[in-house]
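A short worksheet on the structure shown next.
The values are calculated or read from the model by the stated rules, or taken from the named source; none is laboratory data. Treat the numbers as computed from the prediction; the structure is a model and nothing was measured. Here the Cβ positions follow ideal geometry from the backbone for every residue, glycine too, while neighbour counts run over all protein chains shown. The protein model used for the area step is the full one, side chains on, heavy atoms only, and it has no ligands, DNA or RNA in it. Shrake-Rupley method; radii C 1.70, N 1.55, O 1.52, S 1.80 Å.
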Amino acid sequence: SQTIHQWPATLVQPVGSPLSLECTVEGTSNPNLYWYRQAAGRGLQLLFYSVGIGQISSEVPQNLSASRPQDRQFILSSKKLLLSDSGFYLCAWKPGRTYEQYFGPGTRLTVT
Amino acid sequence: EDKVVQSPLSLVVHEGDTVTLNCSYEVTNFRSLLWYKQEKKAPTFLFMLTSSGIEKKSGRLSSILDKKELSSILNITATQTGDSAIYLCAVEAGAGGTSYGKLTFGQGTILTVHP
């Protein structure tokens with residue numbers, strides 16, 4: 001069966017520090033991968049998606065970037081965090097021929 | 001720009017009540033509408049509705065897609081405290097395989113069920 005992992009689970013970082021969040025999927029190959037941010041327990045905003053290794057599409061201009069160095073690995077990064085980057089970051093994957101996405105456990109980021 | 005709106009934003013009921021959550025959408029080239037339940041961390045998938053599957057049911061939960069009204073409802077009968085969660089509606093849109101599975105989410109409905 002397929003599983004999705006995210007780490008760390010929680011993170012507190014000062015303004016101006018770098019960020020690296022990691023997401024990996026097991027038990028599948030060539031999944032579509034997605035990064036979302038959720039503010040204040042409300043709806044999810046799509047940040048990045050990837051349909052293959054090295055292929056990244058950004059949905060909103062922001063202080064963040066994403067990379068997919070391996071088929072089942074998706075990384076969210078920032079060189080210098082802003083207070084507004086605080087939130088709950090969720091990674092999701094989708095099997096190629098289905099509509100539904102499956103979410104990882106998320107990372108709660110607090111920028112101080 | 002694709003848009004998904006959920007109502008109400010929050011709802012408080014007692015165990016045994018029946019609730020109806022609403023989701024409306026304005027998108028170009030609708031492909032599917034999905035419902036998720038989020039308790040503390042990851043949203044969990046409930047239902048997917050498409051043009052070829054406009055009604056789904058699982059236990060006390062059911063959902064209907066109204067393509068004419070561009071909306072969907074999620075019904076929960078005989079609510080339990082374990083139904084307390086954020087319910088998220090999302091829509092995938094895009095023509096000819098260009099959506100890449102991108103979902104546009106509504107704001108969510110926070111459901112609280114009291115014993």
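The residues of the protein assembly as shown expose, per residue, 47 Å² of accessible area to a 1.4 Å probe.
Among beta bridges identified by DSSP and lying wholly in chain A, the antiparallel ones come to about 90 percent. Remark: chain A is approximated by an ellipsoid whose semi-axes, taken from the C-alpha gyration tensor as √(5λ), come to 23, 14, 13 Å, largest first. From the largest down, the protein assembly as shown spans 48, 42, 36 angstrom on the principal axes of its Cα atoms. Taking only alpha carbon atoms, chain B gives an Rg to Rh ratio of 0.98, where Rh is the Kirkwood radius. Residues whose amide H lies under 5 Å from that of B:Ser32, counting only those 5 or more places away or on a different chain, are B:Glu92; hydrogens are built 1.01 Å from N in the peptide plane.
Name the trypsin sites (Lys or Arg not before Pro) in segment B:1-90 that are in a loop by DSSP and that have at most 16 other C-beta atoms within 10 Å, would you? Sparse-neighbourhood loop trypsin sites (Lys or Arg not before Pro): B:Lys40, B:Lys41, B:Arg60, B:Lys67, B:Lys68.
Buried accessible surface for the B/A pair, both sides summed and rounded to the nearest 100, is 1900 Å² with a 1.4 Å probe. The figure for A:Arg68 is an accessible area of roughly 10 square angstrom, using a 1.4 Å probe on the protein chains alone. Which entries of B:Lys3/B:Lys68; A:Lys79/B:Lys40; B:Lys3/B:Lys67 have Cα-Cα distances beyond 23 Å here? Among B:Lys3/B:Lys68; A:Lys79/B:Lys40; B:Lys3/B:Lys67, the Cα-Cα distance tops 23 Å for A:Lys79/B:Lys40. Restricting the count to DSSP beta bridges whose residues both fall in the protein assembly as shown, what percent are antiparallel, rounded to a multiple of 5? Looking only at bridges with both residues in the protein assembly as shown, the antiparallel portion is about 90 percent.
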